Structures are given as structure tokens and as C-alpha cells.
Amino acid sequence: MFRFFESLNDPYAPYPAQDRPPQALWPFLWSYLNSFKRVFALTGVMSMIVASIELWLIWYLGRLIDVLSTVSARDFWGLHGFELVLVTLFILLVRPAMMAIQVLLLNNSIMPNVGTVFRWRAHRHVLRQSVGWFEDDFAGRIANRIMQTPPAAGEAVFQVFDALSFSMAYFVGAIFLMSAADPRLMLPLLLWLVLYGFLVRWMVQRVGAASKASSDARSVVTGRVVDSYTNIHSVKMFSHHALEEDYAKDAIEGARRTFQKEMRIFTCMNVMLVFLNGLLIISVLGWGLWLWSAEAATVGVVASASALVLRLNSMTGWIMWAMSSFFQNLGIIKEGMETIAQPIELIDTEGARALDLSEGRIEAVSLSHHYGRDHGGLDNIDLVIEPGQKVGLVGRSGAGKSTLVKLLLRFYDAENGQILIDGQDITKVTQNSLRHQIGMVQQDNALLHRSVRDNILYGGPGASDAQIAQAAAQAAADDFIPELRDPEGRTGYDAHVGERGVKLSGGQRQRIALARVILKNAPILILDEATSALDSEVEAAIQQTLTGMMDGKTVIAIAHRLSTIAQMDRILVMDAGRIVEDGTHAELLALGGQYAAFWARQSGGFLNLDETTPA
């Protein structure tokens with residue numbers, strides 16, 4: 001039974017991905033919840049049926065009292081015994097069955113799947129965002145919104161069917177019940193409904209904005225706390241516990257103040273609601289008693305009216321809290337939309353094909369990119385790297401080396417010009433196929449918080465254990481991997497490396513990253529200070545591995561240690577976003593320009609460069 005209801009919706013079913021999701025709340029929600037429309041309709045019907053049954057029970061109580069007041073005890077069972085048997089069976093069998101169906105639809109068909117749909121699709125959408133998009137936000141805040149929006153959506157849907165649709169059916173039914181008993185009993189109920197509607201309107205106008213402000217404040221707290229934890233080494237190294245406490249306290253206090261404002265709304269709501277409910281009880285019961293004393297209403301009518309208003313009295317607080325929860329959750333969803341509804345700007349062009357890499361020729365034509373500023377980045381670069389050529393990039397910080405690599409990987413789209421690989425504009429091919437053909441080893445390789453095996457497999461999913469071990473051996477990582485052990489007792493290739501690989505030394509992380517790229521075996525290879533984290537002995541072994549990796553590949557190597565690129569086919573010297581020198585090591589030394597000056601100034605094999613603008 002559970003499986004049947006749980007399988008009415010598949011949260012992972014294919015859906016049309018949207019590069020530009022709706023920016024308005026209701027269209028955004030419907031884009032996620034459209035597949036639930038049949039289940040929602042059925043749940044709404046069942047909510048109304050359950051509410052009708054509850055109202056019928058109140059009506060039947062009034063009827064039973066009237067019967068008891070007009071029929072003798074001797075005649076009662078003979079006249080109404082069979083009716084009572086049917087009512088008993090209805091209460092014991094039909095009522096629980098209807099309630100069970102409604103609860104199964106709500107708790108098993110809707111609740112687990114709505115949150116899953118939101119979390120799955122939101123995560124997929126965010127993963128498609130560009131590197132630059134992630135660089136403009138806090139990872140903690142992004143993750144917080146991904147995590148808090150799905151349960152908020154699920155809770156909002158729950159309140160719609162558990163409270164709001166039930167209460168609407170109950171209120172409508174209550175009006176009809178009153179009118180059937182005595183039309184005059186509707187008057188105090190209708191007056192109360194009008195006043196209750198004004199209170200709801202007052203609450204709705206305030207709680208949504210207050211809830212969004214609270215959600216924003218919580219995200220700020222999460223972002224600051226995660227920032228401190230992520231950079232815990234810097235916190236400890238500079239002994240800035242007090243600074244981090246103050247930084248977090250400022251955000252925590254901001255969250256407290258916004259939450260206080262939100263709670264003031266609920267306090268006012270509760271006080272006004274108690275007054276309105278007292279008015280309802282007095283007016284309906286008083287009116288009913290007056291009608292009874294004037295012999296215009298029976299005892300059963302007064303009894304059913306009394307039961308109804310007492311039930312409404314107990315329900316109104318629940319309904320108000322359900323509505324406030326509903327709009328609170330809408331506020332959280334609105335805040336989450338600031339992240340998960342952002343359009344994806346860097347997308348595959350319509351009709352983009354997979355990159356057909358036959359040789360590995362790279363060409364940059366009038367390439368410029370300044371990150372939207374008037375300085376930094378690249379400035380009108382023209383460059384050709386022939387297939388299989390090994391090219392070294394040298395230049396001060398901010399010269400444009402990293403920007404060139406980011407544009408080649410299409411982490412950004414160039415502001416002007418284009419990059420061609422084997423004559424194909426990289427903006428006209430799919431991003432996945434482009435990056436599949438490029439292997440990169442960075443200076444600071446952050447590993448996934450997974451096992452050593454999973455991290456190496458990232459370069460070639462589906463590789464065998466033998467291939468993983470071979471890649472690790474080539475990267476000189478096979479000497480330390482068997483000795484690894486994590487806090488959970490996992491060892492060797494099964495040991496987890498911690499967040500960003502924090503459980504490993506810099507050299508160990510670099511070697512696992514090298515093994516990952518070795519396993520990928522892409523035809524274009526980018527090395528960004530690939531051996532900077534290694535000691536001299538390990539570096540010598542790795543250099544031999546890198547030499548083997550570069551065979552038959554087009555290579556771009558960024559290095560401050562000039563000795564690591566002196567043997568390259570060609571060296572490019574960059575300055576202020578331009579290529580200012582181009583030649584072999586010997587040619588550039590003979591030229592007597594910037595490269596020769598760098599070579600003469602280098603200390604211990606490293607290039608001692610002054611910092612300028614970021615690349």
C-alpha cells in the first residue's frame with residue numbers, strides 16, 4: 001500500500017530544463033510542481049470529503065439530540081436501531097478509510113516527493129551555473145538555500161492540503177449547516193468570517209516579508225560560519241578567534257532582530273484571534289439560545305451550533321498558524337529563488353555539437369576579456385599553438401595567464417574575439433565535450449570529500465582498480481596511499497581525504513590530482529604550477545611522469561619556476577594582458593628582454609615577481 005502511494009510521482013522523471021526559470025513566485029512553484037497536478041487534485045477532493053464527514057458528524061449529533069428529546073426510550077431502538085448500526089459502521093469503517101486515503105496521499109505521495117523534486121532540480125540547475133557565478137557568491141549561502149528551499153516548499157504544500165483546503169471546505173460546510181438548521185444562525189458566523197478575513201489579510205501582508213527577512217538573515221549567518229570553518233587554518237594561524245566571533249555575532253544578532261520582528265506579528269495575531277473566537281462563541285450560542293427560548297430552534301440545533309463553534313474555536317488557531325506557516329515558507333522560497341531561479345548565462349548554443357578534436361591545434365583571435373572592468377585580464381591576444389606543441393606561459397601576477405586558461409576551458413565567455421580548437425569555435429561546441437578533451441593540474445588542487453579511489457576515478461569513471469593503481473604509481477602516490485587511514489577506520493584507496501583534501505599534505509593532494517589527470521588522458525594538457533607543492537625528490541620523479549604525459553599532447557604550462565619550462569618548445573611572456581615575447585628558452589635569453597631579466601633574477605629556481613592586478 002505504501003509503495004503504491006509513494007510511487008504515484010517519480011521525483012527524478014525527465015523534465016524540460018530551463019536556462020531561465022520563472023522569476024515570479026507562483027510560476028516558479030508551478031514549474032516544479034506541474035507533475036503533481038493529478039495527485040494534488042485527488043488530495044484536494046479527499047480533504048473536502050474528510051471535512052464534509054466531520055461536519056456531518058456535528059449535524060448528526062444535533063439530529064440525535066432532537067430524536068432523543070422527542071422519542072421515548074422504549075421506542076427509540078425499534079425506530080432508530082438500524083440507523084445507528086449504519087452510522088456506527090460508517091464511523092468505524094468509511095470515515096477511517098477516507099482519512100487514510102487523504103493521509104496517504106499527503107504524507108506518502110506528496111511530502112517525500114515534493115522536497116525531493118525541489119532539491120534535485122535546484123541542485124542540477126545550480127551545477128550548470130558558470131565558475132564565475134560561483135566565484136561571486138558564498139558556497140555556504142548557496143548550499144543553505146538549496147537545503148532550506150525544498151522543505152519549505154514541501155511544508156507549504158502540506159499546509160495547503162492539511163489545513164487550508166480542509167478549512168475552506170469546513171467553513172463553507174458550516175455556513176450551509178447553519179442555514180439548514182436556522183438561516184438566522186448564519187448571521188453571527190458570517191460576521192465573524194468577515195472579521196477573521198481581515199485578520200488573515202493583516203497577517204499575510206506582514207508575515208511573508210518578515211519571513212523572507214529572517215531567511216535572508218539566516219543565510220548570512222550560515223555564509224559567515226561556513227567561511228570561518230572553511231578557512232579554519234587561517235583563523236588558527238593568525239589567532240583571530242575573537243575576530244571571527246565578532247564577525248559571526250554581528251550576523252547572529254541581525255538574525256535575532258529580524259526573528260523578533262517576525263514573532264511580534266504572531267503575538268498580535270494570537271491576541272486578536274482569542275478576542276474574535278470569544279466573539280464567535282458568544283454570538284452564535286447567545287443567538288441560538290435566544291432562538292430556542294423563543295421556540296424558534298430545537299435543542300438539537302442549539303447543540304449542533306454549540307459543537308460547531310467550539311470546533312471552529314479550536315480550529316481557528318490551527319488554521320491561522322497553518323496560514324502563517326504557509327506564508328513563512330513562501331518567504332523562504334522567495335529567498336531561495338535568489339539563487340535557484342537565477343538564469344544560466346553561460347550555456348551551450350542552440351545546435352551545439354561535440355568538439356571533434358583531431359589534432360589539438362589552438363588558436364586565439366583578437367581575444368579580449370576584462371571581467372567587465374577597464375583593466376586586467378586579456379587585451380587583444382592573437383595566438384596559435386600547433387598540434388602537439390608544448391608552450392610555457394610566464395609573466396607577473398595579473399599578466400593574464402590564468403584568464404587565458406579560463407577562457408580556453410570556457411569558464412567565461414570572452415568579451416571580444418574567439419578561441420578555436422581544430423578550427424571549431426569553442427562557444428559553438430558543448431561545454432562538456434570541450435572540457436572532456438582538456439586535462440588540467442592546478443597549483444592548489446582541492447579534492448572531493450570522498451575516498452582516494454573516488455578522487456582518482458573522477459578523471460576516468462569506470463576505470464578498473466588496476467588502472468587506478470597504475471595512475472597512482474605514475475603520480476608517485478602509491479607509496480603513501482596504502483598507509484592512509486581515516487577516522488572511520490577506512491584505509492588505503494577507501495580512506496576519505498576530508499573536505500578539500502585537508503587530511504592530506506599539499507604534496508599528497510597534488511599527487512592524487514596528478515593521478516586523476518593521468519587517468520583522464522586528455523589530448524590537451526594544462527599545467528598550472530603542477531609541481532609547486534612537491535618536495536625536490538618527489539618533483540624529480542613527477543617531472544619524468546609529466547614528460548611522459550605530455551607526449552603527443554598539446555600542452556600549456558604556467559610556471560614561476562623557470563627551470564620547469566625551459567625545455568618547452570616555446571615560451572610566451574605575458575604582461576598587462578598581452579604577449580610581449582615569444583620564442584624558445586635560448587631565443588628569449590638572447591633577446592635580452594623580460595624573460596632574460598626573469599631568468600637572471602630567479603632565486604633557487606623560482607621567479608621572484610611583484611604582485612600586480614589579479615589575473
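On average, how much accessible surface per residue is there in the chain, in Å², for a 1.4 Å probe, leaving out ligands, DNA and RNA? Could the numbers behind the result be given before it?
Details: 30460 Å² over 615 residues.
Normalised by residue count, the accessible surface of the chain is 50 Å².
For every other residue with a beta carbon closer than 13 angstrom to the beta carbon of D356, add +1 if it is Lys or Arg and -1 if Asp or Glu, then tell me the sum.
Neighbour charge sum, excluding D356 itself: 0.
Sort R184, R561 by accessible area with a 1.4 Å probe, largest first.
R184, R561
Roughly how much of K406 is accessible, in Å² to the nearest 10, using a 1.4 Å probe?
60
Note down the relative contact order for the chain as a percent, whole number, built from C-alpha pairs under 8 angstrom at least six residues apart.
Normalised by residue count, the contact order of the chain is 14 percent.
Output ³J(HN,Hα) for the range 2-12: one whole-Hz value per residue in order, computed from phi by the Karplus curve 6.51 cos²θ - 1.76 cosθ + 1.60 with θ = phi - 60°, and x for Gly and Pro.
In residue order, the calculated couplings are 4, 4, 4, 5, 5, 9, 5, 9, 9, x, 9 Hz.
How much of F411 can a 1.4 Å solvent probe reach, expressed as accessible area in Å² and rounded to 10?
Using a 1.4 Å probe on the heavy atoms, I get roughly 60 Å².
What number, rounded to the nearest 500 deg cm²/dmol, is the helix-based mean residue ellipticity at 222 nm of the chain, given -39500 (n - 2.57) per DSSP H run of at least four residues and division by all its residues?
Taking each H run of at least 4 residues, the total per residue is -19500 deg cm²/dmol.
In whole angstrom, and with the biggest value first, how far do the Cα coordinates of the range 93-193 range along each principal axis?
68, 37, 17
Once neighbouring chains are kept in place and the probe is 1.4 Å, which whole percent of the accessible area of the range 259-363 is contributed by carbon and sulfur?
C and S atoms contribute 63 percent here.
Kirkwood-based Rg over Rh for the chain (C-alpha set), two decimals?
1.16
As a test, work out the antiparallel percent of DSSP beta bridges whose residues both lie in the chain, rounded to the nearest 5.
Just about 50 percent of them are antiparallel.
To the nearest 10 square angstrom, what accessible area does T116 show with a 1.4 Å probe?
The accessible area comes out at roughly 40 Å².
Leaving out ligands, DNA and RNA, what percent of the accessible area of the range 388-451 is carbon and sulfur, probe 1.4 Å? Before the final figure, lay out each step's value.
Details: 1020 of 2340 Å².
Of all accessible area on the range 388-451, carbon and sulfur atoms account for 44 percent.
Quick check for you: which residues of the range 271-314 have the amide N under 20 Å from the point 7 Å beyond the Cα of S72 toward its beta carbon?
none
Just the number, please: Stokes-Einstein D of the range 287-413 in µm²/s, Kirkwood Rh from C-alpha pairs, 4 °C, 1.567 mPa s. Walk me through the intermediate numbers first.
Details: Rh = 22.4 Å.
Rounded to a whole number, D works out at 58 µm²/s.
Ordering W59, W77 by accessible area with a probe of 1.4 Å, largest first, what comes out?
My answer, sorted largest first, is W77, W59.
Order the following by accessible area, largest value first: R141, R578, R516, R119. Probe radius 1.4 Å; ligands, DNA and RNA are ignored.
Ranked from most to least accessible, the order is R578, R119, R141, R516.
Can you pick out the pairs among K428/K520; K236/K520; K401/K428; K212/K249 whose Cα atoms lie more than 25 Å from each other?
K236/K520
Probe radius 1.4 Å, ligands and nucleic acids ignored: give me the carbon and sulfur share of the accessible area of the range 122-240 as a rounded percent.
68
The values are calculated or read from the model by the stated rules, or taken from the named source; none is laboratory data. Note that the structure is a prediction, hence the values are computed from the model and not measured. When we count neighbours, we look across all protein chains shown, and the Cβ atoms used for this are built from the backbone with ideal geometry, even at glycine. Ligands, DNA and RNA are excluded from the accessible area calculation, which covers all protein heavy atoms including side chains. Shrake-Rupley method; radii C 1.70, N 1.55, O 1.52, S 1.80 Å.
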